[in-house]
Amino acid sequence: MIIQRVVLNSRPGKNGVPVAENFRLEQSTIADMIQAGQVRVRTLYLSVDPYMRCRMNDDTGSDYLLPWQLSEVADGGGIGVVEESKHDNLAKGDFVTSFNWPWQTMAILDGSLLQKLAPQLVNGRLSYFLGAAGITGLTAFLGIKEKGHVAVGANQTMVVSGAAGACGSLAGQIGRLEGCSRVVGIAGTDEKCSILVQEMGFDAAINYKKGHVAEQLRELCPGGVDVYFDNVGGDISDTVISQMNQNSHIILCGQISQYNKDVPYPPPLPPDIEKIRKERNITRERFLVLNYMDKQEASILQLCQWIQEGKLKVRETVVEGLANIGAAFQSMMNGGNIGKQIVSVSK
């Protein structure tokens, strides 16, 4: 059976900026027959995420991420529909997902490694299972629950960097739902800032490309910062940390500003910022959502309930066609999208 797939064509280099040409679309084949325990699936949606930048290097710098191999098919979060099954728990027509879905139009997968989806939980929006009701939503929700120390009635102020991205746009809303009294986002365009305030319910948003971030933070967070959901690292994070309160908390979600640089993860803070962190007893612990999978089911149900109730607003940037996944990746790494970056492969 002839299929299309996307392979890693070249590596951008440890300090290089990825481009669409780092990926290559090609034809391949899969077997016509499936074996016991396997399913043949047609790919519907693929997720494009910042962590994948690490997988483009020979060494991911992580003990839980394997590098993509040159001329081999890339993979990540994906959703598909079962077209043929020899697995007891899966039938033709079932919608399924995996964190290691190959970037190809059709695939034969081990049924035991797939999770069956219930579209009604997300009002039929299957792609949400790659974002707000998937690993992205889990990262935001469990990051706040496990590392944010948010308490109802504590009058806490949360700041979110990368706030218009897949995780950040959810984190600000979840922070509010969990009890924060004030939520301020940091993003890179006026359009993104407007969406955060008018659609996502943030109290305010700062365009870091305009004006003086430190001054705006002091104005918008007069009582200081109690919880910082950090998606970007670098200068923006240094600025936020310098205005954090005693015994406050950093949720170390991502460091996208550092992903094209050959530095350890999490990157060390500059000496003056590290001094502030220690003096104010600010927690900054590595957070890995995969360590909390025992809480996955209950957390997903909570996220889905918020989506159904309209309390959690979801934004997606959807790119049509497997051939455009490299361009989608490049756009995401350049901060060009709002919300979750999704590639629609087939309908």
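The values are calculated or read from the model by the stated rules, or taken from the named source; none is laboratory data. Quick caveat: nothing in here was measured; it's all calculated off a predicted structure. Cβ: placed from backbone, ideal geometry, glycine included. Neighbour counts: every protein chain shown. We work out accessible area using only protein heavy atoms, side chains counted, and drop any ligands, DNA or RNA first. Shrake-Rupley method; radii C 1.70, N 1.55, O 1.52, S 1.80 Å.
For this structure, a couple of remarks:
- Packing-based ranking, highest mean first, of 302-308, 166-172, 340-346 given that Cβ atoms within 10 Å are counted: 166-172, 340-346, 302-308
- Shape of the stretch 2-75, Cα gyration tensor, a/c cut at 1.5: prolate
- Rounded percent of accessible protein surface that carbon and sulfur make up, the chain, 1.4 Å probe: 48
- Solvent exposure of the chain amounts to 44 Å² per residue of accessible area, where only protein heavy atoms count and the probe is 1.4 Å.
- Over the C-alpha atoms of the stretch 41-106, the Rg to Rh ratio, Rh being the Kirkwood estimate, stands at 1.06.
- Between amide H atoms placed 1.01 Å from N, distances below 5 Å from Q38 occur with K86, G111, all of them 5 or more places distant or on a separate chain.
- Across the stretch 24-41, computed HN-Hα scalar couplings (Karplus, 6.51 cos²θ - 1.76 cosθ + 1.60, θ = phi - 60°) run 9, 8, 8, 8, 8, 9, 10, 5, 6, 10, 10, 9, 4, x, 9, 9, 9, 10 Hz from first to last residue, x flagging Gly and Pro.
- Listed candidates [x] 59, 44, 34; [y] 70, 43, 34; [z] 64, 43, 34 - label of the one calculated as Cα extents along the principal axes in Å: [z]
- Set of lysines with alpha-carbon distance to K192 below 25 Å, sequence-local pairs under 8 removed: K209, K210, K311, K313, K340
- Taking θ as phi - 60° and the Karplus parameters 6.51, -1.76 and 1.60, the scalar couplings of the stretch 65-82 work out to 10, 8, x, 5, 9, 4, 6, 10, 5, 7, 8, x, x, x, 9, x, 10, 6 Hz in sequence order, x denoting glycine and proline.
- All other residues whose Cβ lies under 14 angstrom from that of G153 are scored, Lys and Arg at +1 and Asp and Glu at -1, for a net of 0.
- Look at the dipole of the chain built from charges on Cβ: of L322, A163, T139, the Cα furthest out on the positive end belongs to A163.
- Given +1 at the Cβ of Lys and Arg, -1 at the Cβ of Asp and Glu and no other charges, the dipole of the chain around its Cα centre is 320 debye to the nearest 20.
- When both the stretch 195-216 and the stretch 159-180 are represented by their alpha-carbon centers, they are found 12 Å apart.
- Rough spin-label spacing in nm, given labels placed 7 Å along Cα→Cβ, for S194 and K210: 1.0
- Per-residue HN-Hα couplings for the stretch 232-248 [Karplus 6.51, -1.76, 1.60; θ = phi - 60°; Hz; x = Gly/Pro]: 10, x, x, 4, 4, 5, 4, 5, 5, 4, 5, 10, 7, 7, 4, 6, 8
- In nm, spacing of pseudo-spin labels at I30 and Q115 (7 Å Cα→C-beta vector): 2.0
- Amide H within-cut-off set for I206, under 5 Å, with H built and near neighbours excluded: G185, I186, A187
- Using only alpha-carbon positions in the stretch 135-290, the gyration tensor eigenvalues give semi-axes of 20, 17, 17 Å once each is multiplied by 5 and square-rooted (largest first).
- Backbone amide hydrogens, once placed in the peptide plane, bring K313 within less than 5 Å of nothing, excluding anything fewer than 5 places away on its chain.
- E219 paired with K275, simple spin-label distance in nm, labels 7 Å along Cα-to-beta-carbon: 2.9
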